[in-house]
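Engineer: Next up is a structure, given as structure tokens.
Nothing in this text is a laboratory measurement; each read-out follows from the coordinates by a stated rule. Only a predicted model underlies this, so the values are computations on that prediction, with no experimental measurement involved. Every residue, glycine as well, gets a Cβ built from its backbone with ideal geometry; the counts of neighbours run over all protein chains shown.
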């Protein structure tokens, strides 16, 4: 089973687009740190609690030693937040894929040879496994693009056009 560690940005975008339920239908094992959960302030963030309760999203809380290692990562990688460092730490410990839209976190993970995917990969997976239609994927990605200016616009537009055409 492939393990995925989620950062806040990915979960926030999926919550905003009302795609959190199809996301957790993917055949992966999902992890999140308690620090990331505490970062999410969306109105519908309580949905994450349901997935945690059901065991679909595994929330990790860290012991003192792990917290010290996370703090060391924060000191080493100044551009990252403490929750970002918790994702980096957890991905490394679990040999998991990191899901993030954060450029600094992605770059750091790649330097540490941690596999990384972003929101577009999530969309590709949702479409590939027929958890959402191409039409819905196109509409939802267009919406997320309007509220998240950090996404790669040209790559998003390519998918939007492709999915609009049903290909």
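Engineer: Using all C-alpha to C-alpha distances in segment 3-119, build P(r) with 10 Å bins and read off the rounded percent in each one.
Structural biologist: Bin by bin from 0 Å, the calculated values are 14, 50, 31, 5.
Engineer: Ranked by Cβ crowding within 10 angstrom, fewest neighbours first, how are 35, 68, 1 ordered?
Structural biologist: Result, fewest neighbours first: 1, 68, 35.
Engineer: Mind sorting 138, 95, 33 by how few other Cβ atoms lie within 10 Å of their own Cβ, fewest first? Don't jump to the answer; show the numbers that get you there.
Structural biologist: Numbers: 138 22, 95 9, 33 27.
Fewest-to-most Cβ neighbours within 10 Å comes out as 95, 138, 33.
Engineer: How far, in degrees from 0 to 90, does helix 134-147 lean away from the longest principal axis of the Cα atoms of the chain, to the nearest 10?
Structural biologist: 60
Engineer: Using the 10 angstrom Cβ neighbour count as an exposure proxy, how do 125, 63, 155 rank, fewest first?
Structural biologist: Values: 125 17, 63 7, 155 12.
Ordered by Cβ neighbours within 10 Å, fewest first: 63, 155, 125.
Engineer: Further question on the same structure: Given only helices, namely DSSP H runs of n ≥ 4 each adding -39500 (n - 2.57), what is the per-residue ellipticity at 222 nm of the chain, to the nearest 500 deg cm²/dmol?
Structural biologist: -17000 deg cm²/dmol, from helical runs alone.
Engineer: Right, another one. What angle, in degrees between 0 and 90 and rounded to the nearest 10, separates the Cα long axis of helix 153-164 from the longest principal axis of the Cα atoms of the chain?
Structural biologist: It is inclined by approximately 40 degrees.
Engineer: Something else now. Give me the angle, in degrees from 0 to 90, between the Cα long axis of helix 119-128 and the longest principal axis of the Cα atoms of the chain, rounded to the nearest 10.
Structural biologist: For helix 119-128, the angle is close to 50 degrees.
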